[in-house]
1. I need the peptides 74-81, 203-210, 135-142 ranked by packing, meaning the mean over residues of other C-beta atoms within 10 angstrom, with the highest value on top.
2. Would you mind giving the three semi-axes, in whole Å and largest first, of the ellipsoid equivalent to the stretch 29-235 according to its Cα gyration tensor?
3. With +1 on each Lys and Arg Cβ and -1 on each Asp and Glu Cβ, how big is the dipole of the chain about its Cα centre, in debye rounded to the nearest 20?
4. Among the lysines, select those whose C-alpha is under 25 Å from the C-alpha of Lys126, and discard any that sit fewer than 8 residues away in the same chain.
5. Which of Val53, Val73, Val163 ends up with the largest GNM mean-square fluctuation for the chain, with Cα atoms connected below 10 Å?
6. Could you work out which residue, out of Ala170, Ala114, Ala61, moves most in a Gaussian network model of the chain, that is, has the largest mean-square fluctuation with Cα springs under 10 Å?
7. Helix 3-26 versus the longest principal axis of the chain: what is the Cα-based angle in degrees, 0 to 90, to the nearest 10?
8. What size of dipole, in debye to the nearest 20, comes out for the stretch 44-153 about its Cα centre when the only charges are +1 on Lys and Arg C-beta atoms and -1 on Asp and Glu C-beta atoms?
Amino acid sequence: MSAWTNRFLKSLIAVLACCAWSVAAQSTIKRIWAETDVSLDTNQLSPFWQGAVPVYMKSDAHGNPVPRYRTEVRTRWTKQSLYFLFICPYEQLNLKSNPNTSTETDKLWNWDVAEVFIGWDFKDIKHYKEFEVSPQGEWVDLDIDLHNPHHEKGWTWNSGFQVAARIDSAAHIWYGAMKIPYTAIDARLATTGNLLRVNLFRSQGPASDRHQIAWKAPRTDTFHVPERFGLLELVKPK
């Protein structure tokens with residue numbers, strides 16, 4: 001092997017390594033630790049949410065940019081809980097009439113919602129949990145097992161998670177927050193360095209003008225593509 005070829009191969013390997021690192025970095029949510037649990041709220045200016053590192057849902061389910069619906073998501077964690085805040089710009093909301101926030105709403109995904117898909121088992125990626133919140137504060141949680149042809153029946157599972165929501169009609173933004181017990185997600189204790197498999201989604205607008213917004217585009221019409229999930233890492237601020 002010539003010296004020139006050797007230098008070229010080393011340079012190529014370095015470039016590929018940098019590319020791989022960049023893709024991995026863009027596909028990992030850094031969830032910042034909080035010392036104590038807090039009451040759930042949707043105030044993005046609160047010290048709790050200001051301490052988060054935001055990520056953005058910027059594409060549709062097939063990877064096409066959707067700048068009008070660019071959705072900011074903030075996350076925190078404690079030893080007991082996982083927190084999410086969705087900041088969702090909209091043009092027209094698709095809301096369920098007569099909303100019920102005292103119990104979960106089956107098939108809530110037929111209306112406007114923000115969704116978290118999350119699992120800890122890297123050996124069986126087809127088993128994970130799903131959490132949804134609507135602009136009106138409706139909610140549903142599901143235990144998803146894609147090995148089961150009727151996995152949608154997992155909505156009868158109950159995680160004990162909490163939600164909060166509000167609509168800022170003047171700004172055309174709605175806010176949805178979740179507080180999820182860590183034990184509903186992971187068989188391990190919540191510890192710095194834990195990695196979880198995750199994806200984030202939104203359904204927005206009426207059936208005649210429906211938009212799907214994703215963090216990691218599944219590249220198909222269904223969100224349930226665990227092979228396309230990214231990572232979520234529990235970290236403490238330096």
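Coordinate-derived values only; no laboratory data. Being a predicted model, the structure only gives us computed values, none of them experimental. We place every Cβ from the backbone using ideal geometry, glycine too, and count neighbours over all the protein chains shown.
1. Result, highest mean Cβ count within 10 Å first: 135-142, 74-81, 203-210.
2. 23, 20, 17
3. About 1080 debye.
4. Within the straight-line cut-off, Lys126 pairs with Lys30, Lys58, Lys107, Lys153, Lys179, Lys216.
5. For the chain, modelled as a Gaussian network with Cα springs under 10 Å, the answer is Val53.
6. Ala170
7. 10
8. The dipole magnitude comes to about 440 debye.
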